[in-house]
Amino acid sequence: MAEAKDLMQRYCDGEAGAFRELYALVAPRLLGYLLKMARERALADDLLQQTFLKVHRARAAYVRGADPIPWIYSIAHRTFIDETRKHKRAVVRVGEAEVLPEVAAAITGESEDRRDEVRGDPELVTAALDALAGLPPQQREAVVLTKLDGRTVAEAAEIAGTTVGAMKVRAHRGYEALRKLLGKPEDPAKKAAGGPS
Amino acid sequence: MTAQGELPPMPAPVPPPLSRLLEAELAELAPVAPRRPVRQLVLLVTVSLIYAAGVLAMVAMRHDLHELPGGWLVGAGLAWLVGFVVPMYLATVPRPGAVIPRWKLAGGAAVIGALGFIGLGLTLHPDGPSLGWAHFGRGRGCLELGVATALVPVVVGAIFLRGALPVGSRWIAAALGAGGGSLGGLMLHLHCPINDGLHVGLMHGGVVAVAALLAAALVPRATDLR
C-alpha cells in the first residue's frame with residue numbers, strides 16, 4: 001500500500017481514489033483511537049466521518065511532502081474535544097416518567113452500540129478498556145496514543161497540542177492509574193451493594 | 001503491568017464506509033494547491049513591509065533622525081525587524097515533514113517579544129527629558145497606530161493558515177500578533193519623536209503585547225477547522 005504522504009499528494013491533485021486509499025490506510029487506526037476515547041461505537045464512527053470531512057475541507061492546508069497522519073490525528077483530537085464540550089453543554093435530563101428505549105443485545109450478548117469495539121480475546125482486554133474509560137480524558141488520551149497506538153511521546157504531544165513534558169506526565173500518571181485499576185479490581189459484592197441504581 | 005508489551009493487543013476495528021456527504025464531496029473533487037509555507041512567509045513579510053512603509057509615508061518620518069545615536073537607531077530598528085520576522089517564521093513554517101507549524105516555539109516567541117520589547121523600551125532609549133506619567137495617556141495614538149500596522153500581517157497570516165491549525169491555534173495567533181506588533185513598533189520607531197522610556201516601553205513595546213493578545217482572542221475563529 002502507498003505511503004500516506006503520497007496518497008495525500010495525489011488526493012490534493014484531485015484523485016478521489018487516493019482519498020479512498022488514504023481512508024483505508026488511516027481510518028482503522030484512527031477509529032481505534034476514537035473508540036478508546038469516546039467508548040461508544042456510534043459516536044466514534046461519527047467522529048471519524050467528521051474528521052475526514054474536516055481533512056477534506058482543509059486539504060489545501062496540507063504541506064506537500066509532509067506526513068499527514070499526525071495532522072489527521074490532531075484533527076480527530078480536536079473533533080473529539082469539541083464534541084465532548086458540545087455534549088457537556090447539551091446535557092438532557094430525562095424525567096422519571098420518560099421511557100428510554102433499550103438497546104437490543106445481539107446473540108453474543110453485546111449490545112449493538114458496543115459490538116464493534118476493539119477486542120482481543122482475553123478478559124484482560126475488557127478489563128483494560130473499562131479501566132481506560134475510568135481515566136480522566138487527558139490521561140486516557142496519553143495512554144491510548146503512547147501505549148496502545150505506539151506513537152512516540154513527541155508525536156502524541158503534537159497530536160494533543162501539548163508539550164512533550166506534559167505528555168510524559170499524563171502518560172505516566174495514566175499508566176500508573178491504569179495499573180492500579182487493573183491490579184486491584186473492584187470487589188463484585190461491594191460493587192453490587194454500593195453501585196448506582 | 002509495567003511495560004508497554006504487557007498491555008493486551010487490541011486489533012484495529014473495521015471503519016464504516018464513507019458517509020454520503022463525503023461521497024458527494026468526492027464526486028466533485030477538484031485539485032487544490034497545497035500550502036507552500038516558505039513562499040507564504042516571503043509573501044507575508046513583503047506585503048507587510050510594503051503596508052508598513054505606506055503607513056509610515058502617510059504619517060511621515062520622525063524629524064529628529066539625524067540627531068539620534070546611530071547605534072541605537074540601527075540596533076533598535078534591527079531588533080524590531082527580527083521581532084517581526086522570527087514569530088512570523090515560526091507561525092507559518094512547520095518543521096520539515098510536518099503540516100502543523102511550530103506553535104510552542106511561536107508562542108514562546110510571542111511572549112518573549114511582548115515582554116522583551118517593553119523591557120528594552122523602558123531601559124534602552126536615547127537621553128532626553130522624561131514626560132512622566134502625566135503625559136502618558138497622550139501616547140495612546142502610538143498604540144493605535146502600531147496596532148493598525150499589525151492588522152495586515154495578522155490578517156494575511158490568518159488567511160494563509162486557515163485549516164492548518166487543529167491544535168495550538170491561539171499560540172500561533174499570538175505569534176502573528178506579536179510579529180505584526182513588532183512591525184508596528186518598527187514603524188513607530190521611525191515615526192514617533194518621543195524618546196521617553198515610559199512611552200517607548202509601554203506604548204511602542206506595548207503594541208506587541210496588545211496585538212498578540214487581540215490576535216490570540218480573535219484569529220482562531222478564522223483559522224480553526226469547523
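Data table
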| item | result |
| --- | --- |
| Selected residue (criterion: nearest to the other protein chains (Cβ to nearest Cβ)) from residues of the stretch A:149-166 that are of a type in the set (Val, Ile, Thr) and open to solvent by 10 Å² or more (accessible area, probe 1.4 Å) | A:163 |
| Residue A:21, sole failed condition from (1) part of a helix (DSSP H, G or I); (2) within 9 Å of chain B (Cβ to nearest Cβ); (3) of a type outside the set (A, V, I, L, M, F, W, C); (4) surrounded by fewer than 23 Cβ atoms within 10 Å (Cβ to Cβ) | (2) |
| Single condition residue A:182 does not satisfy, out of (1) modelled with pLDDT under 85; (2) more than 10 Å from chain B (Cβ to nearest Cβ) | (2) |
| The stretch B:57-72, residues that are open to solvent by 40 Å² or more (accessible area, probe 1.4 Å) and either among the basic types (Lys, Arg) or assigned to a helix (DSSP H, G or I) (or both) | B:57, B:58, B:59, B:65, B:66, B:67, B:70, B:71, B:72 |
| Test: residue in the stretch B:41-51 that is under 17 Å from residue A:60 (Cβ atoms), away from chain A (no Cβ under 14 Å), at pLDDT 90 or above and assigned to a helix (DSSP H, G or I) | yes |
| Among (1) at the interface with chain B (Cβ under 7 Å from one of its Cβ atoms); (2) of a type in the set (A, V, I, L, M); (3) open to solvent by 10 Å² or more (accessible area, probe 1.4 Å), the one test that residue A:48 misses | (3) |
| The stretch B:27-40, residues that are within 7 Å of another protein chain (Cβ to nearest Cβ) and touching a Phe, Trp or Tyr at 6+ places or on another chain (Cβ under 6 Å) | B:34 |
| Residue match in the stretch B:77-93 (condition: away from chain A (no Cβ under 14 Å), open to solvent by 40 Å² or more (accessible area, probe 1.4 Å) and either more than 21 Å from residue B:113 (Cα to Cα) or more than 17 Å from the chain's Cα centre (by Cα) (or both)) | no |
| Residues within the stretch A:27-45 that are assigned to a helix (DSSP H, G or I) and either more than 9 Å from chain B (Cβ to nearest Cβ) or of a type in the set (Phe, Trp, Tyr) (or both), tallied | 6 |
| Those residues of the stretch B:185-198 which are open to solvent by 20 Å² or more (accessible area, probe 1.4 Å) and part of a helix (DSSP H, G or I), in sequence order | B:186, B:190, B:191, B:198 |
| Filter pass, residue A:128 being of a type in the set (A, V, I, L, M, F, W, C) and modelled with pLDDT of 80 or more | no |
| Only listed residue being part of a helix (DSSP H, G or I), at pLDDT 95 or above and open to solvent by less than 30 Å² (accessible area, probe 1.4 Å), chosen from B:114, B:175, B:158 | B:175 |
| Scope the stretch B:94-116; condition more than 14 Å from chain A (Cβ to nearest Cβ) and touching a Ser or Thr at 6+ places or on another chain (Cβ under 7 Å); matching residues | B:113 |
| Of the criteria (1) in a helix (DSSP H, G or I); (2) among the small types (Gly, Ala, Ser); (3) surrounded by fewer than 17 Cβ atoms within 10 Å (Cβ to Cβ); (4) in contact with a Gly (Cβ under 9 Å, 6 or more places away or on another chain), which one residue B:97 fails | (1) |
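Every residue, every condition in (1) crowded, with 22+ Cβ neighbours inside 10 Å; (2) outside any loop (DSSP other than H, G, I, E, B); (3) modelled with pLDDT of 95 or more; (4) among the hydrophobic types (A, V, I, L, M, F, W, C), yes or no:
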position	(1), (2), (3), (4)
B:179	yes, yes, yes, no
B:200	yes, yes, no, yes
B:205	yes, yes, no, no
B:220	no, yes, no, no
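The values are calculated or read from the model by the stated rules, or taken from the named source; none is laboratory data. What you see is a predicted model; the values in this text were computed from it and never measured. Cβ: placed from backbone, ideal geometry, glycine included. Neighbour counts: every protein chain shown. The area values use the complete protein model at the heavy-atom level, side chains included, leaving out ligands, DNA and RNA. Shrake-Rupley method; radii C 1.70, N 1.55, O 1.52, S 1.80 Å.
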